[in-house]
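The values are calculated or read from the model by the stated rules, or taken from the named source; none is laboratory data. All values reported here derive from a predicted model rather than from experimental measurement. Reconstructed Cβ throughout: ideal geometry from the backbone, glycine too, with neighbour counts over all protein chains shown.
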Amino acid sequence: MVVHFIGGIFVGAAPQLTYRLFLERLAEKDVLVIATPYASGFDHFNIADEVQFKFDRCCRSLQETVQDLPSFGIGHSLGSVIHLLIGSRYAVQRNGNVFMAFNNKEASLAIPLFSPVLVPMAQSLGPLLSQIATSPTIRLGAEMTRKQLETLSPPIMKQILPLVEQLPPLYMDLVKGREDFIPKPEETRRLIRSYYGISRNLLIKFKDDSIDETSILAQVLGVESSISSKLDMSLRTLPGDHGLPLQQALPDVPPRMAEAVNRGSEFLANIAVGTPWESMAKEVGGSLGMDSKILRADMSKDLALLVDAITSWMASNMGPKLLRP
């Protein structure tokens, strides 16, 4: 089977790195995973278009491999929202979708530290940021630095770059006064109710996830949507927290690469200081860090249980696709 995977806000820019262990565990279950990266932003429509275009392009290049395989979507956090928008806007061929830790809060609640204090601060820095963004000299220097990193750093540092490079555009959105996602949460729910066309859905909630909104999604799909009469929906509550799919285990890594990962994770956290994405960057940096040689036994068990739940559900739903006419 083939899976289109979309990660969460910020971490979705480099899923092969931030979700590496989870995706590898899926691949070990004979799942062909196509993980489409995206730069985080306020426009979810744009993200949905971008990742679907990338997935379609990848499928075309792998046509002989994927053309007869059952197809599923898997999303984590914002990635679940993006899959729902894709299923509401495109006639995608899916046997089913898996939504982990669905969260569709307003920007003021979804993005840590997004507040009336930070927005004016960002706007006051607008002239300086604009000068930085438009200065040929500074742009050239930044580009040279980037090229040097790409040339001289270990491969894993190149994978960290997309996480870092998405921060300035996000900050510029704050400068311009952007305060809401497009579409707003209520508009997203309306689109799902009216147009979402994939009948088979697995909704996964983690027991220790304090920001989960899976129950809201279940209500929208099960009672209010145009597809509710044909809905085949399963709900699972599994151990773990919102960041479980991001957990990593990196044993037996060469010392030089371990040092590079540590430097990269520290840089990632430091560069976001003072922005609404500071706490998220620290969380991502922690997931990339090398403080522990092995994944804690309980997390390893929880991750294995998550992968088993997903692959078992997909295996039982590999028959003809159920699509809304």
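Results for (1) among the charged types (D, E, K, R); (2) closer than 15 Å to Val307 by Cα, shown as yes or no for each residue.
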position	(1), (2)
Phe5	no, yes
Ile9	no, no
Leu23	no, yes
Glu28	yes, yes
Phe42	no, no
Ser61	no, no
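Being among the aliphatic types (A, V, I, L, M) and modelled with pLDDT of 50 or more is the requirement here; does Ala260 meet it? The answer is no for Ala260. Scanning region 209-231 for residues that are part of a helix (DSSP H, G or I) and either over 20 Å from Met100 (Cβ atoms) or not assigned by TED's automatic domain parsing to the domain that holds His76 (or both) turns up Val223, Glu224, Ser228, Ser229, Lys230.
For region 184-219, give me each residue that is over 18 Å from Arg94 (Cβ atoms), in contact (Cβ under 8 Å) with a residue 24 or more places away in the chain, hydrophobic (A, V, I, L, M, F, W, C) and surrounded by 14 or more Cβ atoms within 10 Å (Cβ to Cβ). Those that are over 18 Å from Arg94 (Cβ atoms), in contact (Cβ under 8 Å) with a residue 24 or more places away in the chain, hydrophobic (A, V, I, L, M, F, W, C) and surrounded by 14 or more Cβ atoms within 10 Å (Cβ to Cβ): Phe206, Ile216. Remark: Arg57 falls outside the filter, which requires a residue to be basic (Lys, Arg) and under 23 Å from Thr214 (Cβ atoms).
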